[in-house]
Amino acid sequence: MENRFQWKCANKFSLLFLIVVYFFGYMFLVPVLARNLTLFLNPNAIVMSIPILTILYAIILVLSVLITRPLWQEAWDSFKQNIVRNLFEIITMTFFVLALNFALSMVVSLITGTPESVNQENIKVNTTIAPIFMLFSSVIFAPIVEESVFRGGIFSYCRKYMGFVPSAIISGFFFGCIHVMGSFITFQFTDLVYLVVYGGLGFFFCYCYEKKNSIVSSAGVHALNNLISFMLLGV
């Protein structure tokens, strides 16, 4: 694929800021703050406060969009020019990503002997505890923030210097890593095979981004995929 990227924010400083916001802010600071603030307000609490988590998530979301604002603005302006066609393409690509997810999950499941990843099990548990928050997290927060970081940030930056495939592999690898991070920390190394599943999804989201040269496209597919997966949790 031709290198067409001219994203104004794809420089090392904004990319570094984006990585700090996500990997330090979201993955480290948010849990620490949420836990401490929850215990400060209620010393007997056994789960993190959902209102506090929602506020902290909203801060990360806003920061991610602000850093990548030119990218989102340009993509949204382009999306509005033909909303029906763009929505149709998002829906079509979502069916492909669902099929890819199913195929990769089946293969990994046969290899590991486990029906699903630890990450997916955690999502199910958290959904029973806070369904509305998990809906927000899965369908709004994750698509916007993760697309900002892994497609708008890492993929877009790499794409300026190399071809589509290596750029998508790098982005997909990091995207996959954050979804199996919990398994690595808890020494559930068998579950790390699911890196193939999440990495494959990340690769496909890069394709969606590249195909339309639009983060709205990849975020739309990401959001619709997560919405359908969320709706199927109770099935």
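Before moving on, here are some points about what is shown:
- Qualifying positions in the range 43-80 - of a type in the set (S, T, N, Q), under 24 Å from the mean Cα position of the chain (by Cα) and over 21 Å from Val21 (Cβ atoms): Ser49, Ser78
- Comparison of Phe40, Phe88, Phe13, Phe23 shows that the only residue that is assigned to a helix (DSSP H, G or I), within 18 Å of the chain's Cα centre (by Cα) and either at negative phi or of a type in the set (Val, Ile, Thr) (or both) is Phe23.
- Test: residue in the range 156-164 that is part of a helix (DSSP H, G or I), crowded, with 21+ Cβ neighbours inside 10 Å and without any contact (Cβ under 8 Å) to a residue 24 or more places away in the chain: yes
- Test result for Asn126, surrounded by fewer than 16 Cβ atoms within 10 Å (Cβ to Cβ), touching a residue at least 60 places away in the same chain (Cβ under 8 Å) and over 13 Å from the mean Cα position of the chain (by Cα): no
Since every read-out is calculated from the coordinates, none of them should be taken as a lab result. What you are looking at is a predicted structure, and each value in this text was computed from that prediction instead of being measured. When we count neighbours, we look across all protein chains shown, and the Cβ atoms used for this are built from the backbone with ideal geometry, even at glycine.
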